[in-house]
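Asks: I have a structure I would like to understand better, so I am pasting it below and will then ask my questions one at a time.
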Amino acid sequence: MGVYLNDERPKHIAIGNLNLDISVALDSYPEEDSHVFAREAWIGLGGAATNYAIATSKLGHRVSLVARAGGDAVKLGLLDRLIQAGVSVEYVSIAPEEPMGAVIVVLVPSNGTRTMITIRGANELLSSEHIPLDREARIYHLASVKPRIIEELCRKEWWKNGFIVSYDPGGEVYRYPVSVYNSLGCIDILMVNEKEYRAIAAAAGTADPLQLLKAGPKIIVVKQGERGALMFTVDEIVKAIIRESPPLPVDVTGAGDAFDAAFNVWLLEGRGLSEALRAAVSAGMAKVARRGSANMPSREEVEARLQKVAIEGSPL
């Protein structure tokens, strides 16, 4: 990473959920009315935007989180934990009467399965009116945000004026596939996994990446888990391939958010799209070796895995 004076590090705005996450690892999934013991447990911060923000900070950039938090956020020390992680909470607003967003994650490492139980809480109150114009920001990243919010932002005069917009719709793509497709004209980078890509393609009536790029984004990134990732631009398709079979994941929760953060960090540092994709895959690999949604890898951990990722490019 370059040397920045007077804290001129690139700044990100991460928009989305702030959760309390409880993750437990079991030997097998419990039967009805059973009593089982967890092998391991992790309690901490979560939510896709929160994970992205923590990952971005650990990779060396500045970041502010935009989120709505329940009344227990202060009492539970969640804002303090964000600050300790290097994340600015200037744009986190408290809804005193609302419960905290929360996620219970049940992992069975032996077969790689994961079950998530979500309490939306104050996250449901986030709207476009809570999202500020930050003139220092180089990139706005929206994570698991309803496409309606993006469409509302798109009508603001300042939107996409001097900064990059990336969007990882997460589960929202299954709830609002047509709206996610319609929002593509308001973003620069679309980040999805293979199932999410297929959902958008079904809404668009085409799986042709060139046709989806014509809808607005300049870059489409498709995460492929242990197989790596694909990136589409109007000029080429780039494949990031993991050179060796990775060990069995410890916890895949948050790996996509680490991927997004590394891609954007390398992009803002001017390292090129292919190297950004390589770093993103490396970050995902590093994250799955760690227990906990927001337990993000360091820059050193990401850089140590870069040579394990091969890059292949061809015309689209």
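Values quoted throughout were computed directly from the atomic coordinates according to the rules given, and no laboratory measurement underlies them. For clarity, every value in this text was computed on a predicted model and none was experimentally measured. Cβ atoms come from the backbone with ideal geometry, glycine included; neighbour counts cover every protein chain shown.
Asks: Write down the radius of gyration of the chain and its Dmax, each obtained from C-alpha positions, in Å.
Replies: 18.7, 59
Asks: What's the extension gain from Ala203 to Gln84 if we count 0.36 nm per residue and subtract their Cα-Cα distance? Present the calculation step by step, with values, prior to reporting the outcome.
Replies: Values: separation 119, 0.36 × 119 = 42.84 nm, distance 4.14 nm.
So the extension gain works out to 38.7 nm.
Asks: Tell me, Glu32, Glu275, Glu40 in order of fewest to most beta-carbon neighbours within 10 Å?
Replies: Details: Glu32 4, Glu275 17, Glu40 14.
The fewest-first ordering by Cβ neighbours comes to Glu32, Glu40, Glu275.
Asks: Quick one, could you list the DSSP H helices from the chain stretching 18 Å or more along their long axis (Cα atoms) with average Kyte-Doolittle hydropathy of 0.0 or above? Walk me through the numbers before you get to the answer.
Replies: On the way: long enough: 255-268 (20 Å, 0.91); 273-287 (21 Å, 0.59).
Length and hydropathy pass: 255-268, 273-287.
Asks: Next up: When DSSP beta bridges are limited to those with both residues in the stretch 11-315, what percentage is antiparallel, rounded to the nearest 5? Don't skip to the end; give the middle numbers.
Replies: Numbers: 29 of 64 bridges.
Of all bridge pairs located within the stretch 11-315, approximately 45 percent are antiparallel.
Asks: Let me ask something else about it. Can you classify the stretch 67-199 as rounded, prolate or oblate using the Cα gyration tensor, where a ≥ b ≥ c are the square roots of its eigenvalues, rounded means a/c under 1.5, and otherwise it's prolate if a/b beats b/c and oblate if not?
Replies: Details: a/c = 1.74, a/b = 1.09, b/c = 1.59.
Oblate.
Asks: Can you sort Ser127, Ser34 so the residue with the fewest Cβ neighbours within 10 Å comes first? Spell out each step's value before the answer.
Replies: Working: Ser127 12, Ser34 8.
Going from sparsest to densest Cβ surroundings: Ser34, Ser127.
Asks: Let me ask another. Hey, in the GNM for the chain with a 10 angstrom Cα cutoff, which one of Val234, Val192, Val103 fluctuates hardest?
Replies: Per the Cα network of the chain with a 10 Å cutoff, Val234 tops the list.
Asks: Going by how many other Cβ atoms sit within 10 Å of their own, how do Tyr91, Tyr167, Tyr29 line up, fewest first? List each step's numbers first, then the result.
Replies: Values: Tyr91 16, Tyr167 27, Tyr29 13.
So the ranking, lowest neighbour count to highest, is Tyr29, Tyr91, Tyr167.
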